[in-house]
Amino acid sequence: MGRSMSEPDTLQLFREGPEAAQDSDAVMLVGDVTAMRLCVAWRRACPVWQLPEGDPPEHPRALWSWAWANVRPPLVELSTLARVPVSTVGDLFGMLKLARLILPNGELASVAVEIIEAHVRDTKAPAAPRAKSKRSTKA
């Protein structure tokens, strides 16, 4: 092996490389408000992330596991922030992680951000219509 990898290099690989989340990976996020809330909670509750020691593995799947090796998600905090039962957080977190929709440093895959932003736009309450002003018609 013998190659060294910095945190920015590793994160760039996960954002744009062959192991980045694909649009098809995000289909499970569409319409799943609980999963979206957990993604947002991960951005706030992610512990400080550092690359594991030693040389990174060559295989992309092994690299993903290696990058997550020291991450211990704070399940109770994630549960509180996402407003979901702690019993749900572990499985849902695992699904988001395997789909590469969340990154070990608390970032979200760009496709996850796009889905969440579209959901927020689509669910915002429309502005109330303005009342017509009554002008005096006295001459």
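Values as computed for the structure displayed
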{"quantity": "Count of residues meeting criterion [in contact (Cβ under 8 Å) with a residue 60 or more places away in the chain and closer than 18 Å to residue 33 by Cβ] in the range 75-108", "calculated": "6"}
{"quantity": "Residue in the range 43-67 that is surrounded by the fewest Cβ atoms within 10 Å (Cβ to Cβ), counting only those that are at pLDDT below 80 and not in a loop (DSSP other than H, G, I, E, B)", "calculated": "61"}
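The values are calculated or read from the model by the stated rules, or taken from the named source; none is laboratory data. For clarity, every value in this text was computed on a predicted model and none was experimentally measured. Cβ sites come from the backbone with ideal geometry, for glycine too, and all protein chains shown count toward neighbours.
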